[in-house]
Amino acid sequence: MSTIPEAIRLLNQSRYDDAAKLVVEGLRQASAESPERLIEAARAIVAWRGFFEDSSEEAASEPYFRAVFAALQELAGPDSPAAIAATDNLAGILGALGQLDEAVALRERVFAHVRQRFPADDPRFLTQREALVFLYRLAGNEDAATALHADTGLCEHLKPVERYLRDRGTMLYSVGRLWSDNCHIWAFFDAVLDCEGLVIELGLDPCVFIHDHRGTHDGSERGLVCSVHHDGIMGRHPVNERR
């Protein structure tokens with residue numbers, strides 16, 4: 001197990017080949033001791049996702065992530081949490097390097113794993129779905145991205161708004177849970193929304209109110225929020241359109 005801290009030190013020095021050898025050695029040693037020791041070692045390894053100054057350094061790390069992926073597939077099993085985390089890490093690197101076919105295939109495996117284990121409003125489900133949507137769009141597969149967003153999980157008070165926007169071809173580009181405990185599922189559309197007009201035209205329930213956030217570092221948006229379910233439908237903030 002002493003090899004793992006040393007491997008992390010090497011990774012932080014961008015010595016990826018040396019680190020890969022130590023990591024595989026450490027994982028095999030831990031596996032020989034017990035399944036629990038393997039889980040402990042793997043947890044520390046997959047937590048390291050890399051901090052890269054440029055694409056060349058990112059490319060240099062690819063063999064390391066492949067080595068971890070292969071070792072955990074073998075030692076822990078392809079459906080183990082550790083192997084899935086390693087799959088997720090490798091998909092991220094390959095996506096950043098433009099190796100989209102393999103990145104998409106790996107990300108699909110991760111999402112299939114998450115989809116079977118967590119409800120559709122779980123942050124782990126939503127995060128992996130958006131990661132896959134992002135890769136689909138990078139690969140030019142808008143149909144696949146749209147299919148993943150077919151069921152947003154928004155509450156019945158906001159469904160009329162969602163249908164209205166979709167029927168008019170408004171692009172839905174992201175669905176997720178925000179940082180606040182008061183937010184459930186929020187869907188972001190690529191448009192400035194006429195919130196007052198939507199409330200009147202669609203006869204929305206009184207629990208739906210207008211959200212207006214003019215952020216700085218954290219972005220800005222304007223849309224509608226359900227005070228019962230804490231779901232939201234957001235669009236671009238009109239103040240940004242006037243700049």
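Pairing residues of the range 72-94 that are assigned to a helix (DSSP H, G or I) with residues that are among the aromatic types (Phe, Trp, Tyr), at Cβ distances under 6 Å and at least 6 apart in sequence or on separate chains, gives 86/69; 89/65; 90/65; 90/69; 93/65.
Looking across the range 135-145, the residues that are touching a residue at least 24 places away in the same chain (Cβ under 8 Å) and either in a helix (DSSP H, G or I) or not assigned by TED's automatic domain parsing to the domain that holds residue 91 (or both) come down to 135, 136, 138. Note on the range 181-216: among residues that are among the charged types (D, E, K, R) and more than 19 Å from residue 229 (Cα to Cα), the one that is surrounded by the fewest Cβ atoms within 10 Å (Cβ to Cβ) is 196.
Results for (1) closer than 22 Å to residue 173 by Cα; (2) over 16 Å from the mean Cα position of the chain (by Cα); (3) loosely packed, with under 13 Cβ neighbours inside 10 Å, shown as yes or no for each residue.
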position	(1), (2), (3)
38	no, yes, no
53	no, yes, yes
75	no, yes, no
115	yes, no, no
122	yes, no, no
128	yes, no, no
140	yes, yes, yes
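For the range 156-172, give me each residue that is assigned to a loop (DSSP other than H, G, I, E, B), within 24 Å of the chain's Cα centre (by Cα) and surrounded by 18 or more Cβ atoms within 10 Å (Cβ to Cβ). Please lay out each step first, then the result.
Taking the range 156-172 first, the residues assigned to a loop (DSSP other than H, G, I, E, B) are 156-158, 168-171.
Applying the additional criterion that residues be within 24 Å of the chain's Cα centre (by Cα) yields 158, 170-171.
Scanning the range 156-172 gives a single hit, 158.
The values are calculated or read from the model by the stated rules, or taken from the named source; none is laboratory data. Owing to the predicted nature of the structure, the values given are computational and were not obtained by experimental measurement. Positions of Cβ are backbone-derived with ideal geometry, glycine not excepted, and every protein chain shown enters the neighbour counts.
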